[in-house]
1. What distance in nm separates the two pseudo spin-label positions at residue 486 and residue 328, each 7 Å out from Cα along the beta-carbon direction?
2. Note down, for segment 450-491, the three equivalent ellipsoid semi-axes (square root of 5 times each alpha carbon gyration tensor eigenvalue), biggest first, whole angstrom.
3. Once you have the Kirkwood Rh of segment 209-316 from its Cα pairs, apply Stokes-Einstein at 25 °C and 0.890 mPa s and quote D in µm²/s.
4. Which value, in debye to the nearest 20, describes the size of the charge dipole of segment 29-170 about its Cα centre when Lys and Arg Cβ atoms bear +1, Asp and Glu Cβ atoms bear -1, and nothing else is charged?
5. Roughly speaking, what % of Cα-Cα pairs in segment 16-155 are separated by over 19 Å, rounded to a whole number?
6. So what are the radius of gyration and Dmax for the Cα set of segment 65-119, in Å?
7. Counting other C-beta atoms within 10 Å, and keeping those with at most 13, which DSSP coil trypsin sites (Lys or Arg not before Pro) do you find in segment 439-506?
8. By per-residue mean of other Cβ atoms within 10 Å, what is the highest-first order of 282-292, 200-210, 48-58?
Amino acid sequence: MACVNGSAMTPSMAGNNIVKHDNRYLCFGNIIDVRVYGTHGKNTTFTTTIKPTSDPFSSVSWAVNGSFIITSTISNTIVEPKYADRTTLFRETGSLELRNLTNEDSGEYTVHIIPASGQLISGAAVLEVQPKIPTPTVTCPPSTEGMSEVTFLCDDGDTSNAKQWTRDGQPLLPSDRIAFLENNRILMLKGVNRTDTAEYRCNVSNLSDHEVGTCQLTVYYGPDTPTVQQHPNPAVEEERLTLSCASDSLPPATFTWEFQRRPLVPGSLVSPAYRKRISLNTTSGWLDLWDLTVGDSGAYTVEITTHTDQQLNGSTGLNVYERVSSVTVTPNTTELLEFNSSVRISCHVSTGTSLSYLWMNGSSEITVSSDRVQVGDGGTTLTILNVSRYDRGPYTCNVSNPVSNDVGRPLTLTIGYGPERLAIIGPSLVEFGEVTLLYCSAMSVPPPSYTWSLNGVHTTVQGPVYVIASINSSDYGKYTCTAVNTLTDLSQAADHAVSLKGKPKG
C-alpha cells in the first residue's frame, strides 16, 4: 500500500489517519499547526495541509475547547451565533478564518473532516491571542557634526517585544560606532558626522504582530571652507559676470558680499554706477554683475553665516579687461641713412587694458634686446641704433591681453644708402651705323639720378640708358656714367670705352 505522496505506509502507523479514496490511500498526520498565534483585534487562519480533491468533503466541523463553532455538510452549514460574523470556512481544504480576535478566543481548536470515503480526519491546534503592539515612538534629537554621540529611544510600552533597527532600510549591526542597549530599546551612534543624516526605523515584533516607529535624524554641519569661482574667467568689459561661492552647510548658510570692504546689498550699493546691474542671492551665494567696467576690478569678499551665527570668509580678486583695438605703429623719423641714423618705432592702441606687446620683424620674433636693438617702455617702443639696409622690416606690433589681441599694419622703413657697385653694360666694338645701347646700374636707396658724358664732355642724356641710334665716327670714345643719391648726398662714376670697326657706308 502507498500514500498519495509516495511514502510507504500501513494502517497501523501511529499518529496518522489513512483514508481510502479513488482506490488510493490519503495519509495525514496532524492536519493543522499545533500552535497558532494571533493578535488582538486582527485575523488568523487555521490552515490545513489537505489539498482540494474532486469529491467534496461530506462534513467539516470546528470546535474550541470542546464548544461548537461551525459544522458544514454538503447540504447545510450551521454556525454558532457569536461566530456568525467572525468566521469563514473554506470547505475545499477545511481551513478556518477567525476575525477580530479577542483574548477569549485563546484555546484548543479541533477540526473533524469526513471525506467522501467516510474515513474521519482530525486535527488540533492551540491558539494564543497576544495583545496588539502599539505604534512605537522613536526619539532622535537633532544633532551637530562633531558631537560625541546621539541616542535613539524606541518606546512601545513592552520591553519583552523584539526590536530591530534599520537606517534608510538597511539593517544596523553593532560596530565601533553603533551600540545597542536595554535589549535594543536604545540605539547609540558615536562620533556624529553628516553622513548619519538618514531615516531610522525601530521594528517591534512579537510572535503574532509587528509595528514600525520612524525617526528622521538631521545632523547639522558647516559651513565648510568656501570655494569662490568666477564665470567667465577672465572677465570682459561690457559683458556679464557671476561670482559663485560654494560652502556645504546644513541648514544652508546665508551669504553677503563686499567689494573693497564695502557691502554689496541691493538698494545700498558701492556707488550709483552699480544700480540696475547687480543681483545678489543671499541663499545660494551667487553675485551677478553685468555691463562690466574696468572700475569693477578689485577685491571681492563673501561672508558666510550659519544658523548658529558661525562665520567664515572667502575672497577673490576680479580683473575686468577692456578689449584691444586699433593698433598702429609709427616711426619717429622717416629719413634714415645707413650707419648714420637711429629710429624709434612706437606702438599705440585705441582701447585695451593689461596689455602685452610682441614685436615681429617679418616672421621673426624680436625677443632679445642687444646694444643695437632695444625694446623699451613696457614693450611699447622698438629702438634700432645705427640702422643698416637689412633693418628695413616689415615690423609689426602684436598687442594682447587675456581676452583679445590685435596686430597693427606692417611698417617698412626706408633706409638710404649708396650709390655703390656702379657699372655700365654695353658693347665695346661696334660697326658703323649700328644702334647701340649702354646701361648704367647702381645699388642705391632711393634710386639715384644718372648723367652721362662722352670723352669728358657732358651730354644731355639723363637716366640709366644711353641710346645711340646710328653710331658714327663722332660717337666712339670713353663714356662716363655718374650716379647721384640725393638722400645720402653721395655719387659714383663708371667708364666704358666704345670703338668702331669697318668703314662708313657710302
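The values are calculated or read from the model by the stated rules, or taken from the named source; none is laboratory data. Everything numeric in this text was worked out from a predicted model, so none of it was measured. Every residue, glycine among them, receives a Cβ derived from its backbone with ideal geometry; neighbour counts consider all protein chains shown. Surface areas here come from the heavy atoms of the whole protein model, side chains and all, with no ligands, DNA or RNA. Shrake-Rupley method; radii C 1.70, N 1.55, O 1.52, S 1.80 Å.
1. 2.8 nm
2. Details: eigenvalues 112, 23, 8 Å².
Semi-axes (√(5λ), whole Å): 24, 11, 6.
3. On the way: Rh = 15.3 Å.
After rounding, the answer is 160 µm²/s.
4. On the way: 10 positive and 16 negative charges, 85 e Å.
About 400 debye.
5. For segment 16-155, the share of Cα pairs beyond 19 Å comes to 58 percent.
6. 12.0, 38
7. Working: sites: 478, 501, 505; in loops: 505.
Loop-located and lightly packed - 505.
8. Details: 282-292: 17.0, 200-210: 18.7, 48-58: 14.8.
In decreasing order of mean packing, 282-292, 200-210, 48-58 become 200-210, 282-292, 48-58.
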